[in-house]
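Only one structure is covered here, and it is reproduced in the block below.
The numbers here are math on the coordinates, done by the rules we state, and not lab data. Everything numeric here is computed off the predicted structure, so don't read it as measured data. Glycine gets a Cβ as well: all are built from the backbone with ideal geometry, and neighbour counts include every protein chain shown.
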Amino acid sequence: MADRVQFITQEGKQKLEDELEHLRTVVKREVARRLKESIEDGDLTENAGYDEAKREQGFVEGRIRDIEAILANAQLLEESAQTDVVAAGTTVTVVEDGEEPETYYIVGAVEADPAKGRISYESPLGQALLGRRKGDRVQVQTPGGTRHFRVVEIH
């Protein structure tokens, strides 16, 4: 993840910057305080509080490094003004055979959240939709089998 471009919206970038600031200023300080208290409690060999604080410290440091790498390689994904072809930054409405239409915003992997209508252009559906036009049909291989979609609208 560290070396490849991370496409991200301005909103997503701001959320990551806010999370990074919170981790650096609040969470790290709290974990350090808990570590200090655990050390002051004495014997570390059977100190569950110390073990938990050390695990959390490792998680926090790892998350900080991940966010820093994403931001260092971030390229802003602007909402596409082009509405005739599906691309990263466009919103597309698709309908699966026999189902209700679904609308997705095509984003980078960092911000993908299908439950909130955001799919990555790297996902199977995202890849299948890239470059497609209104009315085009796509098929997507999923663990449950092949699914068929039609592009209804590009916003």
Quiz item: Which of Ile154, Ile106 comes first, and how do the rest follow, when ranked by fewest Cβ neighbours within 10 Å?
Solution: Ile154, Ile106
Self-check item: Distance histogram for the range 102-155 (every C-alpha pair counted, 10 angstrom bins, percent rounded to whole numbers)
Solution: 25, 58, 17
Quiz prompt | Per principal axis, descending, Cα span of the range 54-155 in whole Å | solution = 52, 34, 18
Quiz item: What number comes out for the charge environment of Gly98, summing +1 per Lys or Arg and -1 per Asp or Glu over other residues with Cβ under 15 Å away?
Solution: -2
Quiz prompt | Mean Cα-pair separation over length for the range 6-76, i.e. relative contact order, pairs under 8 Å, 6 or more apart, % | solution = 55 percent
Practice problem: Taking a cut-off of 26 Å between Cα atoms, list the lysines near Lys13, but don't count ones fewer than 8 places away on the same chain. | Solution: Lys28, Lys116
Quiz item: How high is the relative contact order of the range 91-154, in percent, with contacts defined as C-alpha pairs under 8 Å that are six or more residues apart?
Solution: 34 percent
Exercise. Calculate for the chain the 222 nm mean residue ellipticity that helices alone would give, adding -39,500 (n - 2.57) per DSSP H run of length 4 or more and normalising by residue count, nearest 500 deg cm²/dmol.
Key: -12000 deg cm²/dmol
Quiz item: Which of Val95, Val138, Val5 comes first, and how do the rest follow, when ranked by fewest Cβ neighbours within 10 Å?
Solution: Val5, Val95, Val138
Practice problem: Give me the net charge of Ile154's neighbourhood, meaning all other residues with Cβ under 9 Å from the Cβ of Ile154; Lys, Arg count +1, Asp, Glu -1. | Solution: +1
